[in-house]
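S.K.: Below: one structure in structure tokens.
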Amino acid sequence: MLAKRAKLIKALRTFLDQRGIIEVQTPVITRSGITDLNIESVKLSADLGYLRTSPEYAHKQLLARGVGDIYEIGPVFRAEEAGHLHRTEFTLLEWYRLKTDWKALAQEAIDLCQHALRALGHPAQSEQWRDWSSCFTQANLPDPLAADDCEIIQATQDLPDDCDREMRLDWLFSSQIQRNLPEHGLTIVYGYPAAQAALAKLDPSDARKSLRFELFCGSLELANGYQELTDWREQLKRFENDNRRRQALGRHSMPIDQELVAALKRGLPECAGIALGVDRLAMKALEVTDIAEVRSF
């Protein structure tokens, strides 16, 4: 199993190296965690900071310095994550492409997965692209961009009362849509709502949507990608809004990464970026159902 995992990672590196993308190594310990409501950072003792949840912030500092297209394969850490698909520590591949739009990066992510799966003897997977909001209406669920809060609550009565709209939409997607994606296919879901934009730009043709996408292999989420937000004011506003939502939900607020904000102020070039779970791709390549089976320990 470990030999096959090593072969898979070699295939990932070969794919990216052949495209002239530079491999980098960035710090695992950071001064700030992240504000994202769906991810909890691992805090270190003695005011050492946090273990990174992704190398994204460090990568953007490098991009702002003019380093060019980059990628990194390495460990990341997220608190309170356990189960057959999750570990507190896992391996992430993250890469960025300058002067590239999200569609080209999404296609590159599909091509990379096809390449890695072929390296372990799998046939080509089917491919499809689906609009996020259309996924709901095609599943006879409320239109997430048009339905009022009452309709969303009515469709998610199994959830606790303190869940907000975005949590309810996430639950509907994962429980009613994601699990029904083609078992032997790679699916790009795009057009996530503006409220879930995170570090992505908004869609200039429809401000209700963001230029964010996710890649699935079967029903398993593999990757999350953005047309990267370059406006530091907008990014700072989103971080502050995250912390307000955290407080409203009874959670502690998180320090904002001022080094990232400073990098955006200096000027982040137009780019698209994506993070892919290497362990999950290995699960698909090795046809196992528990992430523990593709890890050394």
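S.K.: Compute the distance in nm between two label points, each set 7 Å from the Cα along the Cα-to-Cβ direction, one at residue 44 and one at residue 29.
M.R.: Here the modelled spin labels are 0.3 nm apart.
S.K.: Dividing the convex hull volume of the Cα atoms of the chain by its residue count, what figure in Å³ per residue is obtained?
M.R.: 135
S.K.: Which part of segment 35-76 falls in the paramagnetic zone of residue 162, meaning amide N under 12 Å from the point 7 Å along Cα-to-beta-carbon?
M.R.: Output list for this probe position: empty.
S.K.: Between residue 99 and residue 80, what is the spin-label point distance in nm, taking each point 7 Å from the Cα along the Cα→C-beta axis?
M.R.: Result: 4.4 nm between the two label points.
S.K.: Got the relative contact order for segment 117-205 handy, in percent, Cα pairs under 8 Å and 6 or more residues apart?
M.R.: With pairs under 8 Å counted, the relative contact order is 40 percent.
S.K.: Just grab the label-to-label distance for residue 17 and residue 293, each label 7 Å out from Cα along the Cβ direction, in nm (one decimal).
M.R.: It works out to 3.0 nm between the two label points.
S.K.: Please name whichever of 195, 211, 20 sits farthest to the positive end of the charge dipole of the chain, dipole taken about the Cα centre and charges placed at Cβ: Lys and Arg +1, Asp and Glu -1.
M.R.: Final value for the positive-end residue is 20.
S.K.: Restricting to DSSP loop positions (anything but H, G, I, E, B) with no more than 13 other Cβ atoms inside 10 Å of their own Cβ, which GluC sites (Glu not before Pro) remain in segment 32-119?
M.R.: 80
S.K.: Nothing charged except the Cβ atoms of Lys and Arg (+1) and of Asp and Glu (-1): what's the magnitude of the dipole of segment 2-294 about its Cα centre? Round to the nearest 20 debye.
M.R.: 900
S.K.: List every residue whose amide H lies under 5 Å from the amide H of residue 200, counting only residues 5 or more places away in sequence or on a different chain, with H placed 1.01 Å from N in the peptide plane.
M.R.: The list, which skips near neighbours in sequence, is 229.
S.K.: Right, next: Can you name the helices of the chain, as whole DSSP H runs, whose Cα span along the helix axis is 18 Å or more and whose Kyte-Doolittle mean is not below 0.0?
M.R.: Membrane-span-like by this rule: 102-119.
S.K.: Note down the net charge around residue 161, summing +1 for each Lys or Arg and -1 for each Asp or Glu among other residues with Cβ under 14 Å from its Cβ.
M.R.: Its environment carries a net charge of -2.
Values quoted throughout were computed directly from the atomic coordinates according to the rules given, and no laboratory measurement underlies them. What you are looking at is a predicted structure, and each value in this text was computed from that prediction instead of being measured. Ideal geometry is used to build each Cβ from the backbone, glycine not excepted, and the neighbour counts take in all protein chains shown.
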